[in-house]
Amino acid sequence: MDETNLTEPAQFVALQTTQPGSRSEAGFQRRTSMSLGIAVIGAGMAGKAHAAAFRTASTLYNPVLPPIRLVSIGDVNAEFGSHAARRFGYERSDTSWQAIAAADDIDVVSVVIANSLHREVVEGLLAAGKHVLCEKPLSDTLADARAMAEAARNARSIARIGYTFRRTPGIAYIRDLVQSGVLGKVLHFSGRYWTDYGSNPQAPMSWRYKGTAGSGALADVGSHLAYVAEFLCGDVRSVNGGQLSTVIGERPLPLGAVMGHDHAAVGDTFERVENDDYAAFSATFDQGVGSFEVSRVAAGHANSLIFEVFCENGAATFDQRRPAEIGLFLNDGASAQRGYRQVILGPEHPYIGGGLAMDAPSVGFGQNDAFGYQARAFLEEVAGIDQAASLPRNATFDDGVHNMELLDAVARSAQAGGSAVVVDSGKLASA
Ligand SMILES: NC(=O)c1ccc[n+]([C@@H]2O[C@H](COP(=O)([O-])OP(=O)(O)OC[C@H]3O[C@@H](n4cnc5c(N)ncnc54)[C@H](O)[C@@H]3O)[C@@H](O)[C@H]2O)c1
């Protein structure tokens, strides 16, 4: 479906299957025809965004989704789980993913926990017949990600990965401008994703600082930036100039549980930071070239995904600090009058018409809305709503593997002093 035209009526056909055999069990069909039971595993920073998104998903666009039952929030930290369940209106909380896998009243599960835990939980849920929406990156190692993609291919249920920024109206609109020929062929992409959650040396040790080369800032925010770049420009064929740097070598252990980037109280025991605070690389796309820079120590930039894409007919720019607008430059009109224009986003742009309660021009837009579109797209697919009448589908686990292959090539380039490395699969990122 054209991402600029999301207000067309969609018909909900409860038992129409898009994946033959995926909903063959009588019990599942009976439940799906009536309602979908939802669980979110992980009540941390992004888990809460998923919990809220499933709440709003059926309030977006036309009311064609089956009834959604918000069933459980799962977290090993009982307090986090129970607080999130009460806050977002879920029936209960669980402290083990196995309880969610075994629950008869749950059909759909978001997995929103540390990357190194994704494989075990996702495979267990798929084996139990649950539909799974996994957070990025697919895993902390390429081997585990490939195993998960294999499990997804063999599963009876649907497995998808959420790259939330593809749901950002400005980014989706720039893609439309490229693909419709208004901007035309991409020549050069320049992107950075700067964050500062690690810029204070007293920021507590957490799972984000553990893992192999490339599992730090490159995996955490570079996975988003790399996905967005391929979403706009097409496949990356090779990378070069890979650089990974750890600039704060150790961090204090927290005294209690840490959620997301919280600066919780710390003690005086320090542990080594194992992975990259900063990463940079250049890339060669099928057509065009690009440069990338990611950081978790860029003080003053809490969440700055910023890019500029230069094309044969002009250029466009996006800045997550001002997500309700894009910059557009077109090579048209008198050359003396050319310049970047500010385009404020509204209902003529992707996702917004019907996708916000008040969908008038210039009402603003935020990252949490994108989680709502992501959840909506997943529920539409699970409910068997025709693709042409749905939001664009979420990415596949194969796309998730491709994203990690690209990042792995960056890590190998860095290890080889910046040499060029061909990206393994060359599989197209999801459309
Ligand atoms: N799409 C986005 O914009 C976005 C943003 C942030 C994080 N993420 C992704 O979401 C995932 C989680 O990140 P986060 O920042 O929310 O982490 P977090 O540390 O804030 O939260 C993780 C939660 O998982 C819980 N947990 C740990 N082990 C568990 C287990 N075995 N079973 C159930 N719960 C367990 C922890 O208690 C914690 O509450 C990561 O994959 C991350 O890359 C995506």
**Asked** Dipole size in debye (nearest 20) for the chain around its Cα centre, Lys and Arg Cβ +1, Asp and Glu Cβ -1?
**Response** 400
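For 301, 131, what ranking results if the residue with the fewest other Cβ atoms within 10 Å of its Cβ goes first? Write out the running numbers ahead of the final one.
Working: 301 19, 131 27.
So the residues, fewest neighbours to most, are 301, 131.
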**Request:** Kindly write out, for region 287-303 in residue order, the coupling ³J(HN,Hα) from the Karplus curve 6.51 cos²θ - 1.76 cosθ + 1.60 (θ = phi - 60°), rounded to whole Hz, with x marking Gly and Pro.
**Result:** 10, x, 10, x, 10, 9, 9, 10, 7, 10, 10, 8, 3, x, 10, 5, 7
**Message:** Need one word for region 158-232: rounded, prolate or oblate. Basis is the Cα gyration tensor (sqrt eigenvalues a ≥ b ≥ c); a/c below 1.5 gives rounded, then a/b vs b/c decides.
**Reply:** prolate
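With both bridge residues required to lie in the chain, what share of the DSSP beta bridges run antiparallel, to the nearest 5%? Please report the intermediate quantities before stating the final value.
Working: 44 of 72 bridges.
Close to 60 percent.
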**Request:** Answer with one residue from 50, 38, 184: the one whose Cα lies farthest towards the positive end of the charge dipole of the chain, charges on Cβ with Lys, Arg +1 and Asp, Glu -1.
**Result:** 38
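Between rounded, prolate and oblate, where does region 241-364 land on the alpha carbon gyration tensor, with a ≥ b ≥ c its root eigenvalues, rounded for a/c under 1.5, else prolate if a/b exceeds b/c?
Numbers: a/c = 3.32, a/b = 1.64, b/c = 2.03.
Oblate shape, in that a/c is at least 1.5 and b/c is the bigger or equal ratio.
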**Complete:** Which of 209, 197, 340 fluctuates most in a GNM of the chain (C-alpha springs under 10 Å)? That residue is 340
**Kirkwood estimate for region 295-340, i.e. one over the average of 1/r between Cα atoms, Å** = 12.3
**Prompt:** What is the mean projected area of the alpha carbon convex hull for region 189-250, to one decimal in square nanometres?
**Reply:** 4.9
**Asked** Can you give me the Cα centroid spacing of region 158-195 and region 310-359 in angstrom?
**Response** 12
**Message:** Given region 289-418, report the % of alpha carbon pairs whose separation exceeds 25 Å.
**Reply:** 49
**Complete:** Residue-ordered couplings for region 209-223, obtained by feeding phi - 60° into the Karplus form 6.51 cos²θ - 1.76 cosθ + 1.60 and rounding to whole Hz (Gly and Pro as x), are 9, 10, x, 7, 4, x, 8, x, 4, 4, 6, 5, 10, x, 4
**Message:** Sort 185, 210 by Cβ crowding within 10 Å, fewest neighbours at the top.
**Reply:** 185, 210
**Message:** Taking a cut-off of 28 Å, what percent of all Cα-Cα pairs in region 21-164 are separated by more than that?
**Reply:** 13
**Cα lying deepest toward the dipole's positive end in region 87-236, options 128, 96, 172, charges on Cβ** = 172
**Asked** Any idea what the dipole of region 204-323 comes to, in debye rounded to 20, about its Cα centre with Lys/Arg Cβ at +1 and Asp/Glu Cβ at -1?
**Response** 200
**Message:** Given bins 5 angstrom wide, list per bin the percent of all Cα-Cα distances in region 352-423, short to long.
**Reply:** 3, 13, 14, 13, 13, 11, 10, 10, 7, 4, 0
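For the chain, what does the convex hull of the Cα positions come to per residue, in cubic angstrom? All intermediate terms of the calculation are to be shown ahead of the outcome.
Working: hull volume 58.5 nm³, N = 431.
It is 136 Å³ per residue.
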**Complete:** Which of 222, 384, 74 fluctuates most in a GNM of the chain (C-alpha springs under 10 Å)? That residue is 384
**Request:** Calculate I(q)/I(0) for region 155-294 by the Debye formula, one identical point scatterer on each C-alpha and no solvent, and give its log10 at q = 0.14, 0.17, 0.19, 0.22 Å⁻¹ to two decimals.
**Result:** -0.76, -0.96, -1.08, -1.25
**Message:** Please state the shape class of region 31-104: rounded when a/c is under 1.5, otherwise prolate if a/b exceeds b/c and oblate if not, all from the C-alpha gyration tensor.
**Reply:** oblate
**Request:** With θ set to phi - 60°, apply the Karplus curve 6.51 cos²θ - 1.76 cosθ + 1.60 along region 238-246 and write out the HN-Hα couplings as whole Hz, x wherever there is a Gly or Pro.
**Result:** 8, 10, 8, x, x, 9, 10, 9, 9
**Message:** With 10 angstrom as the radius, rank 174, 38 by how many other C-beta atoms surround their C-beta, starting from the fewest.
**Reply:** 174, 38
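Could you work out the longest stretch of the chain that avoids the GluC sites (Glu not before Pro) located in DSSP loops with at most 16 other Cβ atoms within 10 Å?
Details: sites that count: 25, 91, 274, 312, 348.
Within the chain, the longest run free of exposed GluC sites (Glu not before Pro) spans 92-273.
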**Selected from 341, 376, 251 as most flexible by GNM, with the chain as the system and alpha-carbon contacts under 10 Å** = 341
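Taken together, the values in this text are just the output of simple stated rules run on the coordinates, not laboratory data. Source: prediction; values computed, not measured. With ideal geometry, Cβ positions are generated from the backbone for all residues, glycine too; neighbour counts draw on all protein chains shown.
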